[in-house]
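Let me begin by presenting the structure, written as structure tokens, before commenting on it.
The values are calculated or read from the model by the stated rules, or taken from the named source; none is laboratory data. The structure presented is a predicted model; accordingly, all values stated were derived computationally and were not measured. Reconstructed Cβ throughout: ideal geometry from the backbone, glycine too, with neighbour counts over all protein chains shown. These area figures cover heavy atoms from the full protein model, side chains too; ligands, DNA and RNA do not enter into them. Shrake-Rupley method; radii C 1.70, N 1.55, O 1.52, S 1.80 Å.
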Amino acid sequence: MKIFLDTADLEELRTAARWGVLDGVTTNPTLFAKAAGGSYESVLAEICTLTPGPVSAEVVAENADGMVAQGRAFSKIAPNIVVKIPMSEQGLEAIARLRAEGIRTNCTLVFSTNQGLLAAKAGAVLVSPFVGRLDDISEDGMTVVRQLVEVFVTHEIRAEVLAASMRHPLHATQAALAGAHIVTLPFKVLQQMVHHPLTDSGIVQFRADWEKAQRARGAA
Ligand code: G3P
């Protein structure tokens with residue numbers, strides 16, 4: 001399973017890249033609004049230098065013509081840009097038109113297996129079910145991930161399932177077990193995955209024992 005970061009924060013992305021675990025990036029208007037200054041295009045260009053993996057850039061136009069125009073412009077920023085298009089009637093049309101031009105898309109705001117199936121059929125290479133937002137309304141978001149993986153395998157659909165709206169480390173584990181091709185994580189969740197209290201206390205204990213041994217040998 002590939003790990004993407006769900007952020008437009010360059011420092012977070014640089015850190016994950018240094019850790020050797022950054023396979024790609026997803027952004028959206030909300031994440032861009034939280035990031036430091038510069039235009040969306042300039043932030044995307046910088047992000048594309050930090051990873052050769054896919055970098056999702058989300059359109060905000062309301063109709064297919066506008067989405068296609070924005071998608072074309074994003075695709076010129078760097079070869080690894082993937083245009084993120086919301087699931088909708090206009091969105092499906094934009095996905096199909098961009099696919100015809102050879103521009104890769106990520107269909108976002110997917111909340112049902114049928115939506116994901118249609119997105120893949122229209123030509124999206126990435127399909128993004130939002131797990132946490134379904135959990136928020138007392139539905140099991142991971143069910144959509146599991147079903148999409150099964151449907152894509154059964155029908156030999158080449159699109160990848162990108163588990164999004166991940167809120168905690170257990171979501172990452174569950175997405176991996178469900179067979180998601182990709183999980184996109186807030187940096188905080190990635191950090192939480194690194195740590196375990198027994199690892200952290202073990203490191204402290206080993207260091208203390210090492211220093212004790214050094215002192216004992218020095219005294220001898
Ligand atoms: O890529 C966006 C998606 O991951 C949204 O997450 O936490 O805002 O539901 P969240």
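Worth pointing out:
- Approximating the spin labels as points 7 Å out from Cα along Cα→Cβ, the residue 137-to-residue 46 distance works out to 3.5 nm.
- Counting only DSSP beta bridges with both residues in the chain, the antiparallel share comes to about 0 percent.
- The relative contact order of the chain comes to 16 percent, based on Cα pairs under 8 Å that sit 6 or more residues apart.
- Solvent-accessible surface of region 2-219, averaged per residue with a 1.4 angstrom probe and all protein chains in place: 52 square angstrom.
- Cα centroids of region 31-97 and region 148-220: 29 Å apart.
- Linear extension gain, residue 201 paired with residue 89, 0.36 nm per residue minus alpha-carbon span: 35.0 nm
- Computed from backbone phi, the HN-Hα couplings of region 135-144 come to 4, 4, 9, 6, 10, 8, x, 5, 4, 5 Hz, rounded to whole numbers (Karplus: 6.51 cos²θ - 1.76 cosθ + 1.60, θ = phi - 60°; Gly and Pro given as x).
- Calculated FRET value between residue 18 and residue 173, using beta carbons and R₀ = 22 Å, to 0.05: 0.40
- Listed peptides 197-203, 21-27 by packing density, highest first (mean Cβ within 10 Å): 21-27, 197-203
- Sparsely packed GluC sites (Glu not before Pro) within region 66-132, loop by DSSP, other Cβ within 10 Å at most 11: 101
- Among the trypsin sites (Lys or Arg not before Pro) in region 68-142, those placed in a DSSP loop whose Cβ has at most 15 other Cβ atoms within 10 Å are 76.
- Most mobile of 20, 116, 71 in a GNM of the chain (Cα contacts under 10 Å): 20
- Helices in the chain, meaning DSSP H runs of at least 4 residues, each add -39500 (n - 2.57). Divided by all residues, the mean residue ellipticity at 222 nm is -16500 deg cm²/dmol.
- Among 78, 49, 203 the positive-end extreme of the charge dipole of the chain (Cβ point charges): 203
- Computed over the chain, the alpha-carbon pair-distance distribution with 5 angstrom bins reads 1, 7, 14, 17, 18, 14, 10, 5, 3, 3, 3, 2, 1, 1, 0, 0, 0, each value a whole percent.
- Taking amide H as placed 1.01 Å from N in the peptide plane, residue 84 has its amide H under 5 Å from the amide H of 57, 58, 59, 106, each at least 5 places away in sequence or on another chain.
- Backbone amide hydrogens, once placed in the peptide plane, bring residue 24 within less than 5 Å of 5, excluding anything fewer than 5 places away on its chain.
- Among the GluC sites (Glu not before Pro) found in region 1-68, those both in a DSSP coil and sparsely packed, with 16 or fewer other Cβ atoms within 10 Å of their Cβ, are 62.
- Top positive-direction residue, dipole computed over region 70-179 with Cβ charges, set 151, 114, 161: 161
- Listed by chain and number, the lysines placed with their C-alpha closer than 30 angstrom to that of residue 2 are 34, 76, 84, 121, 188; residues fewer than eight positions away on the same chain are left out.
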